[in-house]
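Inspection log for the structure reproduced underneath, given as structure tokens.
The values are calculated or read from the model by the stated rules, or taken from the named source; none is laboratory data. Predicted model only: the values in this text are computed from it and were never measured. For neighbour counting, all protein chains shown are included, and Cβ atoms are generated from backbone atoms with ideal geometry for every residue, glycine included.
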Amino acid sequence: MSLSIQKDDHILFYGDSITDAGRDRNDREHLGFGYAALAAARLQALYPESNLRITNRGIGGNRIYDLEERLEVDVLTLQPTLVSILIGINDTWRRFDKNIESPIAEFQASYRRILQKIAGTGSRLVILEPFLLPVREGQADWRADLDPRIHASRELAREFGSGYLPLDGIFAQAATRQKMEYWMGDGVHPTLAGHALIAEHWIELLTW
């Protein structure tokens, strides 16, 4: 199945605050102010006659288990034809700020169940790997927890034959051109430039 954008596609962005990006949850069509909105604007410009529908279902603070819990209501009932998922940084963050563990095996198992259910509907999948730039003191220590989640995401992309966006590597490369804070003020949440970088690579992946 081709990953490329198709006529009448319903594209759904799913994830945490990075995807949420300030969307108005009282407006079911609001896309927020981040990469999802930027990608949507570019898609509409590239494919003005394609009758695309684009939905954002990111919610700040979510971990993988939250995505699994709300999957039926926020994804499956909407019948998207392409689902783009970005999750994982909060599973790491909660370990360091609240001592809440998200074991890698459980993280991967939950992620797999999500992907199985979405793939079972015939929807195409795009996985965006979680990322970090160690802007704040102590964030370099997060790597021991985050890196295995990135590897788990890559394994799942291979398993399901999904599209994959290696954002951690993309941001690491970008941080050699501009200071880390240019891309992420707190090491986790992208600035406008960071969101634009995600959108640029997302569009490139889906429109080659």
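Any chance the range 72-83 includes a residue that's without any contact (Cβ under 8 Å) to a residue 60 or more places away in the chain, out of contact with any Cys (no Cβ under 8 Å at 6 or more places or on another chain) and aliphatic (A, V, I, L, M)? Outline the logic, then answer.
Start the filter on the range 72-83 by keeping residues that are without any contact (Cβ under 8 Å) to a residue 60 or more places away in the chain, which leaves 72-73, 76-77.
Now restrict to residues that are out of contact with any Cys (no Cβ under 8 Å at 6 or more places or on another chain): 72-73, 76-77.
Now restrict to residues that are aliphatic (A, V, I, L, M): 73, 76.
Within the range 72-83, one or more residues are without any contact (Cβ under 8 Å) to a residue 60 or more places away in the chain, out of contact with any Cys (no Cβ under 8 Å at 6 or more places or on another chain) and aliphatic (A, V, I, L, M).
Could you tell me which of the residues 204, 159, 181, 200 is among the acidic types (Asp, Glu) and either over 30 Å from residue 8 (Cβ atoms) or in contact with a Gly (Cβ under 7 Å, 6 or more places away or on another chain) (or both)? First the steps, then the outcome.
Working: 204 fails: either over 30 Å from residue 8 (Cβ atoms) or in contact with a Gly (Cβ under 7 Å, 6 or more places away or on another chain) (or both); 159 fails: either over 30 Å from residue 8 (Cβ atoms) or in contact with a Gly (Cβ under 7 Å, 6 or more places away or on another chain) (or both); 200 fails: either over 30 Å from residue 8 (Cβ atoms) or in contact with a Gly (Cβ under 7 Å, 6 or more places away or on another chain) (or both).
None of the others qualify; the one that does is 181.
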What are the pairs with Cβ atoms under 8 angstrom where one residue, in the range 173-196, is aromatic (Phe, Trp, Tyr) and surrounded by 12 or more Cβ atoms within 10 Å (Cβ to Cβ) and the other, located anywhere, is at pLDDT below 95 and in a strand (DSSP E or B)? Sequence gap at least six, or different chains. none
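Out of 95, 143, 149, 154, I need the residue that is of a type in the set (D, E, K, R), at pLDDT 95 or above, in a helix (DSSP H, G or I) and under 26 Å from residue 9 (Cα atoms). Which one? Steps first, answer last, please.
Details: 95 fails: under 26 Å from residue 9 (Cα atoms); 143 fails: under 26 Å from residue 9 (Cα atoms); 149 fails: under 26 Å from residue 9 (Cα atoms).
Result: 154 is the single residue among 95, 143, 149, 154 that is of a type in the set (D, E, K, R), at pLDDT 95 or above, in a helix (DSSP H, G or I) and under 26 Å from residue 9 (Cα atoms).
Looking at 17, 2, which is the one that is over 21 Å from residue 150 (Cβ atoms) and small (Gly, Ala, Ser)? First the steps, then the outcome.
Working: 17 fails: over 21 Å from residue 150 (Cβ atoms).
Result: 2 is the single residue among 17, 2 that is over 21 Å from residue 150 (Cβ atoms) and small (Gly, Ala, Ser).
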Looking across the range 145-162 at residues that are touching a residue at least 24 places away in the same chain (Cβ under 8 Å) and of a type in the set (Lys, Arg), the single one that is nearest to residue 116 (Cα to Cα) is 154
Name, by its number, the condition in (1) over 13 Å from the mean Cα position of the chain (by Cα); (2) modelled with pLDDT of 95 or more that does not hold for residue 208. (2)
